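Peer 1: This structure is in C-alpha coordinates; I'll ask about it shortly.
The values are calculated or read from the model by the stated rules, or taken from the named source; none is laboratory data. Note that this is a predicted model, so its numbers are computed, not measured. Quick reminder, even Gly has a Cβ in these numbers, built from the backbone with ideal geometry, and neighbours come from all protein chains shown. Surface accessibility is based on the protein's heavy atoms, side chains included, excluding ligands, DNA and RNA. Shrake-Rupley method; radii C 1.70, N 1.55, O 1.52, S 1.80 Å.
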Amino acid sequence: MSTSTLARVQTRFPSAVAVAVGLAAGFGVAQGTGVRALGGLVFAAGGLAAGWLWYRRRGPAVAAVLAAVYVAAFVLAHVLALGVGWPSWLAVGVVTAAAAVLSWVVADRTAS
(Lines give C-alpha, C1' and ligand atoms only; values in the text may rest on other atoms or scores of the structure.)
Protein backbone atom coordinates (compact mmCIF):
# COMPACT_ATOMS: atom_id res chain seq x y z
CA MET A 1 0.00 0.00 0.00
CA SER A 2 1.44 3.35 -0.98
CA THR A 3 1.96 6.16 1.49
CA SER A 4 -0.70 8.30 -0.16
CA THR A 5 -3.26 5.46 0.00
CA LEU A 6 -2.47 4.88 3.65
CA ALA A 7 -2.84 8.60 4.38
CA ARG A 8 -6.27 8.63 2.70
CA VAL A 9 -7.42 5.65 4.75
CA GLN A 10 -6.23 7.33 7.94
CA THR A 11 -8.10 10.51 7.18
CA ARG A 12 -11.23 9.37 5.36
CA PHE A 13 -12.35 6.01 6.74
CA PRO A 14 -14.57 6.62 9.79
CA SER A 15 -13.56 4.72 12.89
CA ALA A 16 -17.25 4.68 13.79
CA VAL A 17 -17.78 2.18 10.96
CA ALA A 18 -15.11 -0.14 12.40
CA VAL A 19 -16.78 0.16 15.82
CA ALA A 20 -20.22 -0.64 14.41
CA VAL A 21 -18.93 -3.56 12.35
CA GLY A 22 -16.93 -4.96 15.26
CA LEU A 23 -19.85 -4.90 17.67
CA ALA A 24 -22.84 -5.61 15.43
CA ALA A 25 -21.22 -7.98 12.95
CA GLY A 26 -19.40 -9.75 15.77
CA PHE A 27 -22.78 -10.40 17.38
CA GLY A 28 -24.31 -11.43 14.07
CA VAL A 29 -21.51 -13.86 13.27
CA ALA A 30 -21.65 -15.40 16.75
CA GLN A 31 -25.43 -15.78 16.55
CA GLY A 32 -25.52 -16.95 12.96
CA THR A 33 -22.77 -19.53 13.19
CA GLY A 34 -23.23 -20.55 16.80
CA VAL A 35 -19.47 -20.12 17.24
CA ARG A 36 -18.91 -17.40 19.83
CA ALA A 37 -15.15 -17.40 19.22
CA LEU A 38 -15.71 -16.51 15.57
CA GLY A 39 -17.85 -13.56 16.65
CA GLY A 40 -15.07 -12.64 19.05
CA LEU A 41 -12.59 -12.55 16.19
CA VAL A 42 -14.83 -10.13 14.29
CA PHE A 43 -15.18 -8.03 17.47
CA ALA A 44 -11.39 -8.01 17.93
CA ALA A 45 -10.74 -7.12 14.28
CA GLY A 46 -13.16 -4.20 14.46
CA GLY A 47 -11.57 -3.01 17.68
CA LEU A 48 -8.05 -3.25 16.29
CA ALA A 49 -9.03 -1.35 13.13
CA ALA A 50 -10.77 1.37 15.13
CA GLY A 51 -7.93 1.52 17.65
CA TRP A 52 -5.37 2.02 14.90
CA LEU A 53 -7.44 4.87 13.46
CA TRP A 54 -7.95 6.48 16.89
CA TYR A 55 -4.24 6.27 17.65
CA ARG A 56 -3.24 7.79 14.30
CA ARG A 57 -5.83 10.59 14.52
CA ARG A 58 -5.96 11.51 18.20
CA GLY A 59 -3.01 9.86 19.94
CA PRO A 60 -2.56 7.15 22.54
CA ALA A 61 -4.60 8.70 25.37
CA VAL A 62 -7.76 9.12 23.30
CA ALA A 63 -7.23 5.72 21.71
CA ALA A 64 -7.00 4.10 25.15
CA VAL A 65 -10.20 5.79 26.36
CA LEU A 66 -12.13 4.87 23.21
CA ALA A 67 -10.82 1.29 23.39
CA ALA A 68 -12.11 1.08 26.96
CA VAL A 69 -15.49 2.39 25.78
CA TYR A 70 -15.52 -0.23 22.98
CA VAL A 71 -14.91 -3.08 25.43
CA ALA A 72 -17.36 -1.57 27.92
CA ALA A 73 -20.03 -1.51 25.19
CA PHE A 74 -19.47 -5.23 24.63
CA VAL A 75 -19.83 -5.90 28.36
CA LEU A 76 -22.86 -3.61 28.68
CA ALA A 77 -24.64 -5.45 25.86
CA HIS A 78 -24.27 -8.65 27.86
CA VAL A 79 -25.47 -6.98 31.05
CA LEU A 80 -28.53 -5.53 29.30
CA ALA A 81 -29.38 -8.82 27.61
CA LEU A 82 -28.60 -11.29 30.38
CA GLY A 83 -29.03 -9.18 33.50
CA VAL A 84 -31.83 -6.79 32.57
CA GLY A 85 -33.61 -9.09 30.15
CA TRP A 86 -33.51 -6.99 26.98
CA PRO A 87 -33.62 -8.88 23.70
CA SER A 88 -30.03 -9.51 22.57
CA TRP A 89 -30.42 -7.65 19.28
CA LEU A 90 -31.79 -4.58 21.11
CA ALA A 91 -28.94 -4.54 23.63
CA VAL A 92 -26.33 -4.88 20.89
CA GLY A 93 -28.05 -2.24 18.76
CA VAL A 94 -28.19 0.32 21.56
CA VAL A 95 -24.57 -0.09 22.67
CA THR A 96 -23.34 -0.22 19.06
CA ALA A 97 -25.10 3.04 18.23
CA ALA A 98 -23.79 4.74 21.37
CA ALA A 99 -20.19 3.58 20.86
CA ALA A 100 -20.19 4.46 17.16
CA VAL A 101 -21.61 7.94 17.78
CA LEU A 102 -19.03 8.59 20.50
CA SER A 103 -16.26 7.40 18.20
CA TRP A 104 -17.48 9.66 15.43
CA VAL A 105 -17.75 12.69 17.73
CA VAL A 106 -14.35 12.19 19.35
CA ALA A 107 -12.24 10.85 16.47
CA ASP A 108 -13.98 11.22 13.10
CA ARG A 109 -15.75 14.55 13.05
CA THR A 110 -13.76 17.31 11.41
CA ALA A 111 -13.53 20.68 13.05
CA SER A 112 -15.53 23.28 11.16
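Peer 1: So, by mean Cβ neighbours within 10 angstrom, what's the order for 77-90, 34-47 with the highest one leading?
Peer 2: Working: 77-90: 13.6, 34-47: 15.4.
Answer by packing, highest mean first, reads 34-47, 77-90.
Peer 1: Can you tell which of 28, 55, 73 lies farthest toward the positive end of the dipole of the chain, using +1 and -1 charges on the Cβ of basic and acidic side chains (Lys, Arg; Asp, Glu)?
Peer 2: 55
Peer 1: Next up: Roughly to the nearest percent, how much of the accessible area of the chain is carbon and sulfur, given a 1.4 Å probe? The partial results should precede the final answer.
Peer 2: Details: 4760 of 6590 Å².
Answer for the chain is 72 percent, counting heavy atoms of protein chains only.
Peer 1: Whole Å is fine, so just give me how far the alpha carbon centre of the range 81-112 lies from that of the range 22-59.
Peer 2: The range 81-112 and the range 22-59 have Cα centres separated by 13 Å.
Peer 1: Nearest 500 deg cm²/dmol is fine: what mean residue ellipticity at 222 nm does the chain get from its DSSP H runs of n ≥ 4 alone, each adding -39,500 (n - 2.57), divided by its residue count? All intermediate terms of the calculation are to be shown ahead of the outcome.
Peer 2: Numbers: 6 runs with 82 residues, N = 112.
Value at 222 nm, helices only: -23500 deg cm²/dmol.
Peer 1: On to the next question. Taking the mean number of other Cβ atoms within 10 Å as a proxy for protection, how do you rank 98-104, 55-61, 15-21 from highest to lowest? Numbers along the way, then the final one.
Peer 2: Numbers: 98-104: 19.6, 55-61: 13.6, 15-21: 23.0.
Per-residue mean Cβ counts within 10 Å order the peptides as 15-21, 98-104, 55-61.
Peer 1: Obtain the nm distance between the two label points defined at residue 37 and residue 75 by a simple spin-label model: each point lies 7 Å from its Cα along the Cα-to-C-beta direction.
Peer 2: 2.4 nm
Peer 1: Given a 1.4 Å probe, how much area per residue of the chain is accessible, in Å²?
Peer 2: Working: 6590 Å² over 112 residues.
Here the residues of the chain average 59 Å² of exposed surface.
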